[in-house]
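**Q** Below are the structure tokens for one structure; questions will follow.
The values are calculated or read from the model by the stated rules, or taken from the named source; none is laboratory data. Because the structure is predicted, anything quoted here is derived from the model rather than measured. Here the Cβ positions follow ideal geometry from the backbone for every residue, glycine too, while neighbour counts run over all protein chains shown.
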Amino acid sequence: MPSPTDPRILVGTETADDAGVYQLSDTLALVQTLDFFPPVVDDPYLYGQIAATNSLSDVYAMGGKPITALNLAGFPDKELPMEILGTILRGGASKCQEAGCAILGGHTVRDAEIKFGLSVTGLVHPKEFWTNAGAQPGDHLVLLKPLGTGFVTTAAKKQQCPQATLEAAIQSMTTLNKTSAEICRAVGGVHSVTDVTGFGLAGHSYEMAQGSNVTIEFSLKALPLLPGVLDLVRAEFQTRASKSNRAFVEAGLHLDDGIDATLLEIFFDAQTSGGLLVSIAAERSGTLIDEAKKQGCLAYSRIGTVLPRQAKTLLIKN
């Protein structure tokens, strides 16, 4: 949606999209985003990898290719050795290298709590970017990573997460959405994309529905889950964001009778470095799922359908 003050702004803040898009020429546009957060795991190298993967994801969600990044860090240098910060930065750099994205520098401030992330610039053709506001009635919704990282990281902080579940979550959080985006581009028929992060599947799909002026129907039983995460849901390892995510979508939410309350909590769970949520033409969704499976994506599940706009924007069934 062009800005009234600068027509070169192709995507701004109007639809709460994943990144901004700014047109440079008839064939080239910038994709710009930034994100940072406190540690979600104890290992500083893994934390750096997770934060960088999360930051890079917004460019992939717009259909772009990340090319440069700047480190953003807060660090309590009087309480912790600087070697920890160096390890975090090395972790982030490893994922940027994997993405083919050059780190040009960055900025660090003294802080009471560790924080790390990236400001990322990508490139995309000005007529080929994706937004979260293009879903069309009849589309299928496909999710390309499993859900549950909020429950896992919360349980892990309390040292009550099974090791296999934690390892599966770390694998997911450190997997770039690069391959997922490339598959979507190759398959075609993609109308709208977002990545599922802090607002959870509920919040990000709500923004997609609102921006696209449609209603989305989800099947909870179709949601791809990290192994063992339902036990953590039952043990009530919710993040604080679960409550706020539910409140955010409440006005537009309709629940069928007899909804599975445990699975519903997954719908609201805040994700870290989650997967792409893709609204794709129904006749292409099977091909997308087949290709995602063939190329080793962590999930490839059709979880919902896009409907014409109704009174409620999110319809949830078992």
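**Q** List pairs: first in region 105-128 and touching a residue at least 24 places away in the same chain (Cβ under 8 Å) and within 21 Å of Val31 (Cβ to Cβ), second of a type in the set (Val, Ile, Thr) and surrounded by fewer than 16 Cβ atoms within 10 Å (Cβ to Cβ), Cβ under 9 Å, 6+ apart or cross-chain?
**A** Qualifying pairs under 9 Å: His125/Thr27; Pro126/Thr27.
**Q** In addition: Mind counting the residues in region 119-148 that are of a type in the set (Gly, Ala, Ser), over 25 Å from Gly296 (Cα atoms) and assigned to a loop (DSSP other than H, G, I, E, B)?
**A** 4
**Q** With respect to the numbered conditions (1) surrounded by fewer than 16 Cβ atoms within 10 Å (Cβ to Cβ); (2) in a helix (DSSP H, G or I); (3) of a type in the set (Lys, Arg), which one is the sole condition not fulfilled by Lys95?
**A** Unmet condition: (1).
**Q** If you don't mind, another one. Among Thr27, Thr33, Thr15, which is the only one that is at negative phi, assigned to a strand (DSSP E or B) and in contact (Cβ under 8 Å) with a residue 40 or more places away in the chain?
**A** After applying the criteria, what remains is Thr33.
**Q** Now, a different point. Restricting attention to region 194-210, and to residues there that are farther than 20 Å from Asn177 by Cβ and surrounded by 20 or more Cβ atoms within 10 Å (Cβ to Cβ), which single residue is nearest to the chain's Cα centre (by Cα)?
**A** Tyr206
**Q** Let me ask you something else. Kindly establish whether Gly48 is surrounded by 15 or more Cβ atoms within 10 Å (Cβ to Cβ), in a loop (DSSP other than H, G, I, E, B) and outside the structural domain of Arg185 (by TED's automatic domain parsing).
**A** So Gly48 fails the test.
**Q** Being crowded, with 18+ Cβ neighbours inside 10 Å, under 14 Å from Gly48 (Cα atoms), within 19 Å of the chain's Cα centre (by Cα) and not charged (D, E, K, R) narrows it down to one of Leu89, Leu118, so name that one.
**A** Leu118
**Q** Any residue that is outside the structural domain of Val196 (by TED's automatic domain parsing) and more than 22 Å from the chain's Cα centre (by Cα) - is there at least one of those in region 93-105?
**A** Scanning region 93-105 turns up at least one residue that is outside the structural domain of Val196 (by TED's automatic domain parsing) and more than 22 Å from the chain's Cα centre (by Cα).
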